[in-house]
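Take a look at the structure set out below.
Values quoted throughout were computed directly from the atomic coordinates according to the rules given, and no laboratory measurement underlies them. Keep in mind that this is a model prediction, so the values were computed, not measured. FYI the Cβ positions are ideal-geometry reconstructions off the backbone, even for glycines, and counts take in every protein chain you see.
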């Protein structure tokens, strides 16, 4: 009876975490921490399958070191995690040292005694694996522990699949940035928050200069490569809570919550400079790339998302007319 109560409590806790509004990396971190506590494991990690490379890589863990997260990979069929991925079967291994599937990593210094590894599966498609390990000789996982992990992992699989489907609906396939539809919805929400709490909000429209000429000169594959590189530069130059989207073609949009005009101007300039200073190359050819930026700010430049987009677009048009590779604010337009 006590075990059944623990299982129900664990299911409820994991369901609450999954239903929370935390960003997905935080949700996965909280779930691995919760699983680690429930099973009294020393480490708990989630590895996701890269289908193109056919290898498993960590996305998050509770207990692993940063080196382990960044460097350990297993091909499908390799090690315990790879075996589980290949056969899609959960395993509990009381003594890892006695199991031929165990593949120690030379640089991994900490001991591992016992292991549970469970596949994450949706409609017979493997997503990844959940792994729990112990470090102490007197701490051995049981069949009951495995059954609980299998039960909880079914919830994790569903969460990851729902997140994948959501990302497909809101992300641009080429750049992996948000798409225009998501950006417009998000701008409405951020403006609503700004009005309620009397916070400023800034919005950019960004355009890659001479993009048609770039495509004509270097080819459309080079154009796609430039779009991906510029997207990565935007992600690095902007703050974690800023929202960047591909608006269409070579145009991008950026939402900066709680950001007044003066701060937005300096961020826009940093964005422009990061692109202008980057050595962009494709197939051993250096490609000159720059961007023009139009900036509008709530409440000065508009009270609605439509007004902000229109003002930022007009400022962008002026930036392009006045020589490109520059930032223009809506009040300068």
Per the C-alpha gyration tensor (a ≥ b ≥ c, the square roots of its eigenvalues), the chain is rounded if a/c is under 1.5, else prolate if a/b beats b/c, else oblate; here it's prolate
Rounded FRET efficiency, nearest 0.05, which uses the C-beta distance separating residue 184 from residue 52 and R0 of 30 Å | 0.45
Gain in length, residue 224 to residue 99, computed as 0.36 nm per residue apart minus the alpha-carbon separation, to one decimal in nm?
-> 40.3 nm
Label point distance in nm, residue 26-residue 192, each placed 7 Å from Cα along Cα→Cβ | 1.9
Angle between the Cα long axis of helix 143-170 and the longest principal axis of the chain, 0 to 90 degrees, nearest 10?
-> 10
Would you calculate the separation in nanometres between label points at residue 163 and residue 320, each defined as 7 Å from the Cα along the Cα-to-beta-carbon direction?
-> 3.7
According to a simple spin-label model (label point 7 Å from Cα along Cα-to-Cβ), what is the distance in nm between residue 40 and residue 144?
-> 1.0
Kindly state, to the nearest 0.05, the FRET efficiency for residue 16 paired with residue 106, given R0 = 35 Å and r defined as their beta-carbon distance.
-> 0.30
Please work out how much length the chain gains when fully extended from residue 124 to residue 304, using 0.36 nm per residue of separation minus the C-alpha to C-alpha distance, in nm with one decimal.
-> 60.2 nm
Sites residue 9 and residue 241, calculated FRET efficiency, Cβ-Cβ separation with R0 45 Å, nearest 0.05 | 0.85
Does anyone have the angle between helix 24-38 and the longest principal axis of the chain? Alpha-carbon axes, 0 to 90°, nearest 10?
-> 20
Relative to the present Cα-Cα distance, how much length would full extension add between residue 273 and residue 89 at 0.36 nm per residue of separation?
-> 61.1 nm
What is the helix-to-structure angle for 220-237, meaning the angle in degrees between its Cα long axis and the longest Cα principal axis of the chain, kept from 0 to 90 and rounded to the nearest 10?
-> 80
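Run the helix sum for the chain: -39,500 (n - 2.57) per DSSP H stretch of 4+ residues, divided by residue count, reported at 222 nm to the nearest 500 deg cm²/dmol.
That calculation yields -15000 deg cm²/dmol at 222 nm.
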Quick one: which of 55-66, 236-247, 203-214 comes out on top by average Cβ neighbours within 10 Å, and what's the full order, highest first?
-> 203-214, 55-66, 236-247
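With both partners inside the chain, how many of the DSSP beta bridges are antiparallel, as a percent to the nearest 5?
Here the antiparallel bridges make up roughly 95 percent for the chain.
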